[in-house]
Amino acid sequence: MIETRRSTFVALAGALCTLFTLSTAGTASADSKVHSFEVTVPPVVLDGVPVAEVVIEARDPAGETLEDFSGEVQLTGLEIRGRDGESVRHDYQMESGRLVLQTDLASGQKLHVTDDRIVVAAGDVQSEASVFRLSAWLALLPPVIAILLAIRLQNVIVGLLTAIWCGTLLLSVGEAGWWAPLVAVRDMMEVYIVREITQPGGSGGHAMIVLFTMMLGCMVGVMSQSGGSQALVEWMATFASNRSRGQIATWALGLVVFFDDYANTLLVGGTMRPMTDRLKISREKLAFLVDSTAAPIAGLAIVSTWVGFEVGLIDDSLRQLADAYDDPSLHVSAYSLFLATIPFRFYPIYLLAFGLAIAWTGRDFSTMHAAEQQAQTALSTEPVLESEGQGEAADKPPLHMANALVPLATLIGLLVFMMVWTGASGLTPDDARGVLVTVRDIVSNADSNRSLLLAAFVASLVAIATAVRLGSLSLNQAVNAWVDGGKSMLMGVIVLVLAWSVSTICDADHLNTAGVLVEWTSGFLTPQWMPLIAFLLSAVVSFATGSSWATMGLLIPLVTTLSFGLLHAAAEQTGAILSVTDPLLLGAIGSVLAGSIFGDHCSPISDTTVLSSVACDCDHLAHVRTQIPYAMFVGAAAILLGCLPIGFGWSWWLLLPAGMISVVLGVRWLGRPVDVGGKP
């Protein structure tokens, strides 16, 4: 999963970049082997926004790269600028026939295309190429269209498809000209939608996630049709005997499955849905409880699939700081710094407290209260509410709780075994530095996509075998239930793939939507306001791109180095001693990690938001509409009692209790009990 999510932002030079062959304007000298130059640039260059990478290669008359050519070349139309906006590089040396120019946000160097043509010259060989440029605001068009159309039409698929076509149109109009609308239709399917599943040359992580989602649906389908889910719900009803206890049980189970947000979402949602239906807890409330624990607990846990990714980003940033300031002491343990940022992640901490308060008190407000009230009449009183599209099982099959417990135990047990196996296979003797560190390394190195898929597939087969063995279903009935369970996930899988496509179109290799937002807001950064600005900026980027991981990958290096630079300048003036454990720096890093989750919770194109809807069999737009008020309320508390005061010297050990108390009181004051059977 780490490789899957990292693919949305890490590749600074995409495989889909357009290759412009430069025409030779002059003739090579007699002793020169260089015949022409070729350049790889992004298909679209946004005005005033740095590009990720430009590659220039020297070619011989046969079109092959001249690996033995090294020397200086002159460039026009390209410029590397520092933080002050001034050019910081004027000489360009080609090595082995290749010159790679990149934007490095951590060091403050940005690569800008300054003209409609890039000219490359060496000796009497000169070549040039046209560059397709667009206004920067157009990069915001796909996510804006996806969100607005989804809300206006109440159909997220139409919004996502339109956004993908618009984004593809912007990327293809430079080459296709008047044919761009038709080319965009072709490319949106072949280049973006299909490749999001197949990921040629990649790890195949997206295909594994799709299959894992389907396999989990197959398992749940067999569990439901065999009566296992109903038996489990009736047993759980002895403990979760009312709506409040049912919600608390769902919230608590979300904390137990802390090691991965995808596994958390699909496992908790699918398992608890029959019980919450029985207690007339709305699907919207179930989706919120699942979504509000999955990413927050995975992000806060000291061991999870998120840890390796986040620690890796922090470690790269610290290494860049040590190199930039020529101070090896700045490259401290990234894991220790990761742990130090946990108290500064106000949003996920407050959200967990808010979720418990909502579950404990039974109070709701805004659109969630309306959804809960509607559920009192809309949901069936039957213990199990089957998903649409699932076939009918035999009349009143014998209820055996083993039909649910055996597949679930297989799923969890095999998942843990596979993650330990795949994670431990990459460890070396040097990694054995203590139990906690070793466990963290194992989970961080685990192939979670492979583990999830295999565990879900085997568990679904075990569900069939158990149902047939206990006589709850015949073999044909069990197989039909298995197929129908997979069908119930189809709509969610479609939305998930389309959301991935929008995220790819908006990444740094294509429209660079996040880069536009960063560039527009970079002039407002000051030390005291860094935690707040980092939180807001990461929330906007995550909301627009639908990916918290892409947001963290983009902003952690930028915010870390920029915050330290601002603090370093202030320390030089005052003579203060500065370290990487400064509360302002920890607050800025923690704000990025928290704001990414906040924006993700509000975004209808977020993969985890989509998966929450799928797992809970909830209308996606209804989930978004009911979750946003809660996320905004907790986000406001995180700003007022977290990011803002932490920048002005307040201590986190004062802010955390105050923030958690405030969200609990907010539920008490704003929330209203749900009228159940004429009684509040």
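Examine the stretch 289-308 for a residue that is free of Cβ contacts under 8 Å to residues at least 40 places away in the same chain and either buried (at least 24 other Cβ atoms within 10 Å of the Cβ) or in a helix (DSSP H, G or I) (or both), and state whether such a residue exists. If you could, list the steps in order and put the result at the bottom.
First, pick out the residues of the stretch 289-308 that are free of Cβ contacts under 8 Å to residues at least 40 places away in the same chain: none.
The answer is no; no qualifying residue exists.
Consider the stretch 53-84 and keep the residues that are assigned to a loop (DSSP other than H, G, I, E, B) and either among the small types (Gly, Ala, Ser) or under 32 Å from the mean Cα position of the chain (by Cα) (or both). The one that is surrounded by the most Cβ atoms within 10 Å (Cβ to Cβ) is Gly77.
So, of the residues in the stretch 202-221 that are more than 16 Å from Thr271 (Cβ to Cβ) and outside any loop (DSSP other than H, G, I, E, B), which turns out to be most open to solvent (accessible area, probe 1.4 Å)?
Residues of the stretch 202-221 more than 16 Å from Thr271 (Cβ to Cβ): 202-211, 214.
Imposing the further condition that a residue be outside any loop (DSSP other than H, G, I, E, B) reduces the set to 205-211, 214.
Values: Gly205: 1, His206: 5, Ala207: 30, Met208: 49, Ile209: 5, Val210: 22, Leu211: 85, Met214: 46 Å².
For the stretch 202-221, the residue satisfying everything is Leu211.
Within the stretch 275-285, the set of residues being open to solvent by 10 Å² or more (accessible area, probe 1.4 Å) and either within 12 Å of Ala615 (Cα to Cα) or in a helix (DSSP H, G or I) (or both) comprises Arg278, Arg283, Glu284.
Does Glu190 qualify as being over 18 Å from Ile494 (Cα atoms) and of a type in the set (Asp, Glu)? It is false that Glu190 is over 18 Å from Ile494 (Cα atoms) and of a type in the set (Asp, Glu). From Val173, Val194, which residue is part of a helix (DSSP H, G or I) and either modelled with pLDDT of 85 or more or open to solvent by less than 20 Å² (accessible area, probe 1.4 Å) (or both)? One residue alone meets the criteria, Val194.
Looking at the structure I just gave you, is Pro557 touching a residue at least 40 places away in the same chain (Cβ under 8 Å), out of contact with any Cys (no Cβ under 7 Å at 6 or more places or on another chain) and not in a helix (DSSP H, G or I)? Here the answer is no, as Pro557 does not meet what is asked.
Selection of the stretch 253-265 for residues being open to solvent by less than 40 Å² (accessible area, probe 1.4 Å), more than 13 Å from Leu286 (Cβ to Cβ) and not in a loop (DSSP other than H, G, I, E, B) yields Asp261, Tyr262, Ala263, Asn264.
For (1) open to solvent by 10 Å² or more (accessible area, probe 1.4 Å); (2) modelled with pLDDT under 80; (3) closer than 18 Å to Val502 by Cα; (4) within 12 Å of the chain's Cα centre (by Cα), each residue gets a yes or a no:
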site: Asn512; (1), (2), (3), (4): yes, no, yes, no
site: Leu517; (1), (2), (3), (4): yes, yes, yes, no
site: Thr521; (1), (2), (3), (4): yes, yes, no, no
site: Leu525; (1), (2), (3), (4): yes, yes, no, no
site: Met530; (1), (2), (3), (4): no, no, no, no
site: Leu537; (1), (2), (3), (4): yes, no, no, no
site: Val540; (1), (2), (3), (4): yes, no, yes, no
site: Gly546; (1), (2), (3), (4): no, no, yes, yes
site: Met552; (1), (2), (3), (4): no, no, yes, yes
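Any residue in the stretch 157-166 that is open to solvent by less than 20 Å² (accessible area, probe 1.4 Å) and of a type in the set (Gly, Ala, Ser)? Scanning the stretch 157-166 turns up at least one residue that is open to solvent by less than 20 Å² (accessible area, probe 1.4 Å) and of a type in the set (Gly, Ala, Ser).
Tell me which residues, restricted to the stretch 645-661, are buried (at least 18 other Cβ atoms within 10 Å of the Cβ) and in contact (Cβ under 8 Å) with a residue 12 or more places away in the chain. Hits for the stretch 645-661 are Ile646, Gly647, Trp652, Leu655, Leu656, Gly659, Met660. Scanning the stretch 558-597 for residues that are more than 18 Å from Trp652 (Cα to Cα) and under 28 Å from the mean Cα position of the chain (by Cα) turns up Leu558, Val559, Thr560, Thr561, Leu562, Ser563, Phe564, Gly565, Ser596, Ile597.
In this structure, does Ala478 turn out to be small (Gly, Ala, Ser), without any contact (Cβ under 8 Å) to a residue 24 or more places away in the chain, closer than 30 Å to Gln225 by Cβ and part of a helix (DSSP H, G or I)? So that I can check it myself, show each step before the final result.
Numbers: small (Gly, Ala, Ser): yes; without any contact (Cβ under 8 Å) to a residue 24 or more places away in the chain: no; closer than 30 Å to Gln225 by Cβ: yes; part of a helix (DSSP H, G or I): yes.
The answer is no for Ala478.
The number of residues in the stretch 484-498 being in contact with a Gly (Cβ under 8 Å, 6 or more places away or on another chain), assigned to a helix (DSSP H, G or I) and either farther than 16 Å from Met219 by Cα or open to solvent by less than 60 Å² (accessible area, probe 1.4 Å) (or both) comes to 3. Condition check for Ser224 on (1) open to solvent by less than 20 Å² (accessible area, probe 1.4 Å); (2) not in a helix (DSSP H, G or I): one failure, at (2).
The values are calculated or read from the model by the stated rules, or taken from the named source; none is laboratory data. Since we're looking at a predicted model, the values are computed, not measured. FYI the Cβ positions are ideal-geometry reconstructions off the backbone, even for glycines, and counts take in every protein chain you see. These accessible areas exclude ligands, DNA and RNA; they are computed on the full protein's heavy atoms, side chains included. Shrake-Rupley method; radii C 1.70, N 1.55, O 1.52, S 1.80 Å.
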